[in-house]
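See below for the structure under consideration.
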Amino acid sequence: MTAPVLLVEEPAPGVRLLRLNRPEARNALSMALRRELVRCIAQASDDAAVRVVVIAGNERAFAAGADIKEMANASTVDMMARGVLGLWRATASCTKPVIAAVRGYALGGGCELALLCDMVIASETARFGQPEIRIGIIPGGGGTQRLVAAIGKHRAMKYLLTGAMFSGREAFEMGLASEAVPDDQVDARAVELACEIAALSPLAVQQLKDVALRGMDLPLDAGLALETKALHLLFSTEDQKEGMAAFIEKRPPKFEGR
Ligand code: CAA
């Protein structure tokens, strides 16, 4: 029996950890792995018990990009039939916060997967990069757009045009990673942050993610209007009443997601 390409773990209540599991190929994103990731992300979005998703790999690789062996002989029509853009969109559409726990290589599609997550916890020595240009192609999972947005045009163009790698420490310093931590603490730190978020009001968390991400594609004034509407909407939730009552009564809040 072959090992599943994606392992589903529950390291803490409310936290769903999806572990890419193709160690023999440095977690290269085969079509099977991409489809499984989409299926598990949709499942997590639909499950009220899941508050936060963590995507992790192993100590050698988060993911070394698209599976080159799977597409080396593909034609344009074959590439179109793969429908990869739809899979990326589905992965990015998770309604719960998604944290990437990056150890080892995060290259090509692996770097793009980290870029579409809401937070990135990187090992100091992780190796990020968009090496597509070195194999005669360009990124296809958002690298040309999200890397520029994450670290700025001139730094991004250096990495996009040369395919050079950068470390997790550099990723943090440039604003791609939320934190850079020692290698052996990456998964634990990602789960710790996930637990922190899992204890908050899921309604407020969901609105926050929705407004912040939608706002990135909107003019400032439209984003601010969206923010105000979402804030006002939260005043119809029990969680808002509980959160503010707990503050006034000097006790920890107990959010029920209502
Ligand atoms: N696709 C398919 N197989 C891959 C792979 C990939 N992206 N990355 C690694 N592997 C395989 C290797 O072929 C090798 O398999 P075999 O043992 O059968 O030979 C195995 O994983 C281990 O790889 P290495 O021996 O190369 O391991 P290493 O530790 O010496 O190097 C690495 C690791 C730097 C990640 C190197 O494997 C590498 O450069 N990989 C390719 C990275 C890359 O170019 N990614 C971009 C892909 S294109 C993309 O993502 C964008 C898009 O879709 C448009």
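Derivation of every value follows stated rules applied to the coordinates shown; laboratory data play no part. This one's a predicted model, so the numbers in the text were calculated from it and none came from an experiment. Don't worry about glycine lacking a Cβ; one is built from the backbone with ideal geometry, like all the others, and counts go over all protein chains shown.
Quick rundown of the values:
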| quantity | calculated |
| --- | --- |
| For peptides 103-116, 5-18, 71-84, sequence by mean Cβ density within 10 Å, most packed first | 103-116, 5-18, 71-84 |
| Rounded tilt (10° steps) of 238-248 against the dominant C-alpha axis of the chain | 70 degrees |
| Between helix 153-162 and the chain: long-axis angle, C-alpha atoms, 0 to 90°, nearest 10 | 30 degrees |
| Degrees between helix 186-198 axis and first principal axis of the chain (Cα, 0 to 90, nearest 10) | 30 degrees |
| Nearest-20 debye value, the chain charge dipole, Cβ charges on Lys, Arg, Asp, Glu | 460 debye |
| Cα shape, segment 40-168, gyration tensor, a/c 1.5 rule | oblate |
| Spherically averaged projected area of the chain from its Cα convex hull (nm²) | 15.4 nm² |
| MRE, 222 nm, helices only [DSSP H, n ≥ 4, -39500 (n - 2.57), over the chain, to nearest 500] | -13500 deg cm²/dmol |
| Convex hull projection area averaged over all views, segment 8-103, Cα basis, nm² | 6.2 nm² |
| Leading residue at positive end of dipole, the chain (Cβ point charges), from Gly152, Val15, Pro139 | Pro139 |
| Share, in percent, of DSSP beta bridges within the chain that are antiparallel, nearest 5 | 25 percent |
| Spread of Cα-to-Cα distances over 10 Å intervals beginning at zero, given as percent, for segment 77-127 | 23, 45, 26, 6 |
